[in-house]
Amino acid sequence: MKNQRAKQHFETPSALRHDAHTLAEDAEALLEATKEIVDDRVKAAREQLAETIENSRELYFGLQEKALQSARVADKTIHEHPYQTAFVALGVGALLGFLFCRRQ
């Protein structure tokens, strides 16, 4: 039951985005809470965590920009070739319908 609930939570992009944001906030809070500890191992772990957070942010913003560019290209293509797009969508829908009906 627990796995099913966890799976449902990660099915939406907004839930995944929220969880990633919460994880980043928690990691930053951990960095802040441990800033006065002078142990070398803690210091090394803090540096690695800070680097991971920065890399994750860069990756997130890079993926976000790439997704926006892809959406713009798709939108432009659809507007430039509306009939071809409609026929391709119709063909894919018919093929999927045929395959799903055949399975049952």
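Checked against the criterion of being under 29 Å from Arg17 (Cβ atoms), in a loop (DSSP other than H, G, I, E, B), at pLDDT below 95 and more than 19 Å from the chain's Cα centre (by Cα), region 35-47 contains one or more residues that satisfy it. For region 72-85, filtering for residues that are aliphatic (A, V, I, L, M) and at pLDDT 95 or above leaves 1. Of the listed requirements (1) more than 20 Å from the chain's Cα centre (by Cα); (2) over 28 Å from Ala27 (Cβ atoms), Arg72 misses just one: (1).
The values are calculated or read from the model by the stated rules, or taken from the named source; none is laboratory data. Keep in mind that this is a model prediction, so the values were computed, not measured. We place every Cβ from the backbone using ideal geometry, glycine too, and count neighbours over all the protein chains shown.
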